[in-house]
Amino acid sequence: MTDQNLNAIERMAMVKQERMAAKLGKRYAKEKRFQAYGIVSIVIGLSFLAMLLGTIFTAGFSTFYATEIRLTVTYDQELLGVADMNDESQLAFANWGALVKNALAERFPDVSGRSARRQLNSLVSSVAEYDLKDRLEAHPELLGTTEEIWLMADDEIDALMKKQIDRDAPESERRLNDFQISLVDSLIESGELKTAFNTTFFTNGDSREPEQAGIRGAMIGSFFTLLVTLVLSFPIGVSAAIYLEEFAPKNRFTEIIEVNINNLAAVPSIVFGLLGLAVFINVFHLPRSAPVVGGLVLTLMTLPTIIISSRSAIKAVPPSIREAALGLGASRVQMVLHHVLPLAMPGMLTGTIIGMAQALGETAPLLMIGMVAFIADVPGTPLDPSTVLPVQIFLWSDLPERAFVAKTSGAIMVLLGFLAIMNLFAVFLRRKFEQRW
Amino acid sequence: MNTSVKDTMESTFAGWTETVGNAMLEGEARMSTRNTDVFYGDKQAIFGVDLDIGKNEVLAMIGPSGCGKSTFLRTLNRMNDTIDICKIKGEILLDGENIYDKNMDVVSLRARVGMVFQKPNPFPKSIYDNVAYGPRIHGLVSRRAELDEVVETALRKASIWDEVKDRLDQPATGLSGGQQQRLCIARTIAVSPEVILMDEPCSALDPIATARIEELIAELSENYTIAIVTHSMQQAARVSTRTAYFHLGRLIEVGSTDKIFTAPDHKLTEDYITGRFG
Ligand SMILES: Nc1ncnc2c1ncn2[C@@H]1O[C@H](COP(=O)(O)OP(=O)(O)OP(=O)(O)O)[C@@H](O)[C@H]1O
Ligand SMILES: [Mg+2]
């Protein structure tokens, strides 16, 4: 049989082996290359992440421990200059600082002279005296007695202990002079100076003094803000998605709504902040800087995310399940509540948590509604003025004191921790609600 | 399709006037359609069908793919309501009442006219909950013991009880395809419908599962009216008492199953059952 008698396929079959072999090498090479690209991009991504986390951790870790000094304090009514210990207003103006100074003077009896005294007094944080006030108010029976108590050291001492101040540098270039360092050394020697876990960071609100500044205010503020956001945006978003997907007629009007929801998802968040300022604060006169308003603004921002993800979760429910329910005589509402909603729930929850995580990290719109103010008090209700974690980070990153650099990174670590917890929670919920068919 | 058949079709359709055979019954019919047209948007899928379904009969609907069997079946319990573009004209009566009447409640209609779908579609819930769902939503039982009894009876009637009685609380999606389909039949029976519509209920099943479902249909026909769409002529011959042949949206011929499969009157029916096209 000659080649002319063969048809195209038969001719091809004769050379099939060698042609495929030639092609095979290329195909494998291509596949290998493709995999290599993937691995390279993952490595690049991971190394950026590692760099980011590395810098944040090294910068922020020191904020989780703090330096404390042990002093023997005498709660002396005369020193305080208070006539009536039960009078709140007198207590507020009492000379609490004198207790600290007195204790320091007793510990270092040799120090004399105004300047030396001032340097001695600056070992202890200027706000430590309020800890004494709180303690005596909690335990009035301590009046007149003496006790040993750990008080927070000044942020410069803290920096020295964290090796942020170089004690070998020439004295003129140091924030602490030789005399102060000698005082610190004698305290270290006698075990009266230690570094401990910095609970203040988690129990205090913001402060001008870095050693006293904590993120509790921002954490509670974030919690209230997210609570308001969740309580509003989940039910509204899910009902909107259900209505649009299951009940709304498909016409021009619903089409416009659909397009606009997608558009809203792309609106820069600061625009929602301006809207919140104009509507919630200026028209409805809701309190400025309050988590309610923050929550309302973030609700507007998260709604499109929740609606879009809920709709795709609803769409993914197989039509055969709907038909089965309707075929048995279930009403549309029963079909949705009994079958569609449970099956769509994992997707809806995932979308909601992604929206919430976005809201947790959102800064710009909250600046617009005044959550950027300096607020030292920890908010008690969603109506109290407050700030939130990302805004706190923004505020601290702007401050010149060295200790605030660490605090900024510390706050970022806390924020990242919360984000990780939320994502884990999303995974957990998905597992729990997932049903197979 | 070869040209000669196409010619036959076209010439037949040009002169098409009415259905051959006994589409309308002498006695009382459970369901009847009168001059029913169905449209998907502008496209007409069913053309003026008049057909009665008698009490306790098994009516088989056969015809080439795309001729409108499913469409017609779905109009009988208003499942087509879920398709926005679907419009229905004419009358469809259940025990003399027009089911497309404004006063007809579609929920109670579907409780009276149940449906079994082509692909088994159990809910992703337990076997028990699948069967109990209908009675529960319609409030048919008041006590748990009563519900247990209903579930057991339905599963027994669908001849799947022995296979599942020890695993009622396990997910129905873990059953085999044939078991799932029998479960779906049990689920439909559990609301005690008067009519059961089945759209190719065995198309996803192997011959053994198919045989069981066919037996089941024969048993069910003692108490229920059944309309079944099938592509298997043998199946139609085995389970049905009457057969309706559809072609391009028209009801061509209706007659007793024996007659349709042995001596059809219409040329198109004959061509189809002898396998000359379709
Ligand atoms: N949802 C729909 N929208 C538009 N057209 C449809 C829709 N469903 C069915 N049709 C059309 O209506 C006609 C009848 O379809 P139907 O599903 O009733 O056929 P069938 O006889 O059941 O076919 P098969 O045997 O393949 O299941 C077909 O031409 C089909 O394209
Ligand atoms: Mg069909």
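Observations on the model:
- Filtered residues of the stretch A:219-237 (kept if aliphatic (A, V, I, L, M) and either in contact with a Leu (Cβ under 8 Å, 6 or more places away or on another chain) or within 14 Å of chain B (Cβ to nearest Cβ) (or both)): A:MET219, A:LEU226, A:VAL228, A:LEU232, A:ILE236
- All positions within the stretch B:175-203 that are assigned to a strand (DSSP E or B) and either farther than 19 Å from B:GLU214 by Cβ or within 16 Å of ligand 1 (Cβ to nearest atom) (or both): B:LEU197, B:MET198, B:ASP199
- In summary, B:ASP199 fulfils each of the numbered conditions (1) surrounded by fewer than 24 Cβ atoms within 10 Å (Cβ to Cβ); (2) more than 9 Å from chain A (Cβ to nearest Cβ); (3) farther than 30 Å from B:ARG34 by Cβ; (4) within 16 Å of ligand 2 (Cβ to nearest atom) with the single exception of condition (3).
- Residue match in the stretch B:29-36 (condition: closer than 23 Å to A:GLY329 by Cα, assigned to a helix (DSSP H, G or I) and within 16 Å of ligand 1 (Cβ to nearest atom)): no
- Top-ranked residue in the stretch A:328-343 [being surrounded by 20 or more Cβ atoms within 10 Å (Cβ to Cβ) and among the aliphatic types (A, V, I, L, M); ranked as farthest from the other protein chains (Cβ to nearest Cβ)]: A:VAL336
- Residue in the stretch B:105-113 that is within 13 Å of chain A (Cβ to nearest Cβ), open to solvent by less than 30 Å² (accessible area, probe 1.4 Å), within 14 Å of B:SER32 (Cα to Cα) and aliphatic (A, V, I, L, M) present: yes
- As a summary of the residue check, B:TYR272 satisfies the conditions (1) farther than 22 Å from A:SER320 by Cβ; (2) within 17 Å of the chain's Cα centre (by Cα); (3) hydroxyl-bearing (Ser, Thr, Tyr) except for the one numbered (2).
- Hits in the stretch A:250-268 (condition: among the basic types (Lys, Arg) and part of a helix (DSSP H, G or I)): A:ARG252
- Members of the stretch A:363-382 that are farther than 20 Å from A:MET301 by Cα and touching a residue at least 12 places away in the same chain (Cβ under 8 Å): A:ALA373, A:PHE374, A:ILE375, A:ALA376, A:ASP377, A:VAL378, A:PRO379, A:THR381
- For the stretch B:180-208, a residue qualifies if it is among the aliphatic types (A, V, I, L, M) and more than 24 Å from B:GLY63 (Cβ to Cβ), and the qualifying residues are B:LEU183, B:ALA186, B:ILE189, B:ALA190, B:VAL191, B:ILE208.
- In the stretch A:385-437, the residues that are in a loop (DSSP other than H, G, I, E, B) and open to solvent by 30 Å² or more (accessible area, probe 1.4 Å): A:PRO385, A:ASP398, A:LEU399, A:PRO400, A:GLU401, A:GLU434, A:GLN435, A:ARG436, A:TRP437
- Restricting attention to the stretch A:100-150, the residues that are assigned to a strand (DSSP E or B) and either among the basic types (Lys, Arg) or open to solvent by 50 Å² or more (accessible area, probe 1.4 Å) (or both) total 3.
- Scanning the stretch A:155-179 for residues that are outside any loop (DSSP other than H, G, I, E, B) and of a type in the set (A, V, I, L, M, F, W, C) turns up A:ILE157, A:ALA159, A:LEU160, A:MET161, A:PHE179.
- A:ALA325 vs. criteria among the hydrophobic types (A, V, I, L, M, F, W, C), within 14 Å of chain B (Cβ to nearest Cβ) and surrounded by 22 or more Cβ atoms within 10 Å (Cβ to Cβ): yes
- Of all the residues in the stretch A:272-286, those that are touching a residue at least 12 places away in the same chain (Cβ under 8 Å) and out of contact with any Pro (no Cβ under 7 Å at 6 or more places or on another chain) number 5.
- Of residues in the stretch B:132-152 being touching a residue at least 12 places away in the same chain (Cβ under 8 Å) and at the interface with chain A (Cβ under 10 Å from one of its Cβ atoms), the one most open to solvent (accessible area, probe 1.4 Å): B:HIS138
- Residue check for B:THR82: surrounded by fewer than 17 Cβ atoms within 10 Å (Cβ to Cβ) and within 14 Å of chain A (Cβ to nearest Cβ): yes
- Here the condition is being of a type in the set (Gly, Ala, Ser) and in contact with a Cys (Cβ under 9 Å, 6 or more places away or on another chain); of B:ALA204, B:ALA209, it holds for B:ALA209 alone.
- Pick from the stretch B:153-171, criterion under 23 Å from the mean Cα position of the chain (by Cα) and either open to solvent by 30 Å² or more (accessible area, probe 1.4 Å) or more than 17 Å from B:ARG136 (Cα to Cα) (or both), ranking: nearest to the other protein chains (Cβ to nearest Cβ): B:ALA158
- Across the stretch B:202-230, the qualifying residues are those that are within 14 Å of ligand 2 (Cβ to nearest atom) and modelled with pLDDT under 90, and the one among them that is least open to solvent (accessible area, probe 1.4 Å) is B:CYS202.
- Test: residue in the stretch B:62-77 that is surrounded by 15 or more Cβ atoms within 10 Å (Cβ to Cβ), at the interface with another protein chain (Cβ under 9 Å from one of its Cβ atoms) and either hydroxyl-bearing (Ser, Thr, Tyr) or within 16 Å of ligand 2 (Cβ to nearest atom) (or both): yes
- Subset of the stretch B:64-94 [more than 8 Å from ligand 1 (Cβ to nearest atom), more than 15 Å from the chain's Cα centre (by Cα) and not in a strand (DSSP E or B)]: B:ASP81, B:THR82, B:ASP84
- Among the residues listed as B:MET61, B:MET115, the single one being more than 20 Å from B:GLY21 (Cβ to Cβ), under 13 Å from the mean Cα position of the chain (by Cα) and within 16 Å of ligand 1 (Cβ to nearest atom): B:MET115
- Of residues in the stretch B:22-61 being touching a Lys or Arg at 6+ places or on another chain (Cβ under 6 Å) and more than 15 Å from B:ALA244 (Cα to Cα), the one farthest from ligand 2 (Cβ to nearest atom): B:LYS55
- Listed by position, the helices (runs of 4 or more DSSP H) contained in the stretch B:206-266 that have at least 1 residues being of a type in the set (S, T, N, Q) and within 16 Å of ligand 1 (Cβ to nearest atom) are B:233-239.
- Close pairs (9 angstrom Cβ cut-off, 6 or more residues apart or separate chains): within 14 Å of chain A (Cβ to nearest Cβ) in the stretch B:33-45, within 8 Å of ligand 1 (Cβ to nearest atom) anywhere: B:GLY41/B:ILE85; B:GLY41/B:CYS86
The values are calculated or read from the model by the stated rules, or taken from the named source; none is laboratory data. Predicted model, so just to flag it, every value in this text is computed and none were measured. For neighbour counting, all protein chains shown are included, and Cβ atoms are generated from backbone atoms with ideal geometry for every residue, glycine included. Keep in mind that these areas ignore ligands, DNA and RNA; they rest on the heavy atoms of the full protein, side chains included. Shrake-Rupley method; radii C 1.70, N 1.55, O 1.52, S 1.80 Å.
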